[in-house]
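To start, the structure itself, in structure tokens.
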Amino acid sequence: MDDADCPIDPYVSCYLNGPLSSKSPNTRFRYSNELLFALQYFYENKIDLPTRVALGEFISQKEYMQFYDKCCLNKDSRDAGSNIKIFRINDKHLRNVIVANQQGMAKVSNETLEGRIRRLRSFLNWLFEQFHGAYGIDGESKERFARLIAKIKLDEDSCGGNEGREVRGIEESVIPDEVFLKLLEITMPSSPNNPFKGARVRNYLIVHLLAFSGIRRGALAKLKISDFNFYGTFDQVSIYRSGNEPTDPRAEKPNQKTKAHLATINKSLMSDVKFYIDHIRADFVRSQYHDFLLISENDSKGSAGLPLSLKSINTVFQKISAVLGFHIHPHMLRHKWNEIFDKQGERVGVNPVLLEDIRKYAMGWSQDSTMNRVYNDKRLALKARELSLAYQNSLDQKK
């Protein structure tokens with residue numbers, strides 16, 4: 001926005017509030033940052049993307065490759081050679097080694113690189129459709145644009161998505177067991193180590209619902225009282241996408257990112273949810289006007305009784321992190337859930353193929369999703385080590 005609160009570029013605003021409007025807040029925020037990275041780069045190089053596409057000039061292969069090189073580096077990284085100009089280094093080989101090392105240190109993850117170039121491709125495609133979709137364009141320009149998009153897509157596919165450069169220790173846990181147990185203990189409302197003066201029951205439910213169901217922060221924030229099945233087995237919670245929720249007054253409306261499913265929590269936690277609804281939440285007048293489970297209990301801004309914001313959930317975890325001496329955020333509990341899920345599945349002897357199908361359902365992924373590989377790699381690495389050591393031991397015995 002400019003000083004008059006008007007969009008600097010209406011095409012960018014239309015793109016963010018059009019094709020991306022149905023995405024979750026976190027996804028929209030990430031996509032916006034990716035697009036901002038591209039726009040800032042081309043603005044600094046005096047390239048106006050909407051104007052280029054409107055005129056049918058687009059960007060050249062050279063201009064794209066220069067952008068790709070920039071995408072590989074951290075936002076704050078400068079020209080690798082500029083950092084060594086103050087030194088008098090006569091050995092050209094040594095100077096090249098220093099430059100190469102600086103570039104390596106500044107490289108971003110494959111996932112970040114893929115996101116940046118994918119956002120450029122998506123924005124260019126959208127602009128092309130706005131300017132030329134209904135009116136057509138000459139064959140030569142259309143072919144040039146198709147070659148450019150094909151090049152970007154090829155680079156995008158070669159990034160490998162979540163397959164980063166880092167090789168993590170297979171014994172490492174996203175949250176060490178001792179830290180996880182301490183987390184569960186200090187968030188109990190009756191714990192003498194509880195770091196919260198108020199809203200203890202609500203904050204306990206935030207942590208324990210995430211830890212025991214494996215759902216995302218957005219799904220938690222949009223949970224309604226009616227989503228809890230306080231009947232039958234008394235352990236089921238409905239998780240689903242709801243689109244634009246008219247009763248939600250929050251500016252940043254949370255939502256479930258993946259498909260609908262039932263999450264399971266134990267009866268004790270279910271009873272605690274019921275207690276919170278009947279004896280704490282009911283005391284706030286504004287809570288009567290909506291069905292969302294978690295509410296603000298602080299009235300400093302007149303928000304008591306209103307649905308709890310995503311930022312407030314983050315604040316809860318920031319305070320917990322300070323007490324634990326270990327940085328923890330909501331999504332880490334989803335990873336921890338998967339670690340525990342693997343151990344329990346192996347303990348009871350569930351068939352590995354069935355285990356992955358169960359995981360996909362519990363996480364809300366479609367059956368053809370490959371997201372389970374992110375959580376499955378650690379278990380496979382442990383099995384690979386076990387079999388490799390067994391093979392080597394057998395050879396040692398033969399010797």
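The values are calculated or read from the model by the stated rules, or taken from the named source; none is laboratory data. Note that this is a predicted model, so its numbers are computed, not measured. No Cβ is skipped: glycine too gets one built from the backbone with ideal geometry, and neighbour counts run over all protein chains shown.
Key figures
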| quantity | calculated |
| --- | --- |
| Unique residue being closer than 27 Å to Ser238 by Cβ, in the same structural domain as His279 (by TED's automatic domain parsing) and in contact with an Asp or Glu (Cβ under 6 Å, 6 or more places away or on another chain) when the list is Asn338, Asn314, Asn372 | Asn372 |
| Leading residue by the ranking (nearest to the chain's Cα centre (by Cα)) among those in the range 209-259 that are hydrophobic (A, V, I, L, M, F, W, C), surrounded by fewer than 20 Cβ atoms within 10 Å (Cβ to Cβ) and closer than 17 Å to Leu308 by Cβ | Ala251 |
| Tally of residues being surrounded by fewer than 16 Cβ atoms within 10 Å (Cβ to Cβ) and either assigned to a loop (DSSP other than H, G, I, E, B) or outside the structural domain of Lys311 (by TED's automatic domain parsing) (or both) across the range 260-278 | 2 |
| Among the candidates Leu49, Leu36, residue that is without any contact (Cβ under 8 Å) to a residue 12 or more places away in the chain, in the same structural domain as Phe128 (by TED's automatic domain parsing) and closer than 18 Å to Arg121 by Cβ | Leu36 |
| Filter result for Arg88 (under 19 Å from the mean Cα position of the chain (by Cα), over 17 Å from Arg52 (Cα atoms), modelled with pLDDT under 55 and surrounded by fewer than 14 Cβ atoms within 10 Å (Cβ to Cβ)) | no |
| Number of positions in the range 370-390 that are modelled with pLDDT under 75 and either assigned to a loop (DSSP other than H, G, I, E, B) or surrounded by fewer than 11 Cβ atoms within 10 Å (Cβ to Cβ) (or both) | 2 |
| Residue within the range 285-302 that is modelled with pLDDT of 95 or more, touching a His at 6+ places or on another chain (Cβ under 7 Å), assigned by TED's automatic domain parsing to the domain that holds Glu185 and of a type outside the set (S, T, N, Q) present | no |
| Residue that is surrounded by the most Cβ atoms within 10 Å (Cβ to Cβ), among those in the range 293-318 that are assigned to a loop (DSSP other than H, G, I, E, B) and among the hydroxyl-bearing types (Ser, Thr, Tyr) | Ser296 |
| Selection from the range 1-31 of residues that are acidic (Asp, Glu) and in contact (Cβ under 8 Å) with a residue 24 or more places away in the chain | Asp9 |
| Checklist (1) part of a helix (DSSP H, G or I); (2) surrounded by 13 or more Cβ atoms within 10 Å (Cβ to Cβ) applied to Thr51, failing item | (2) |
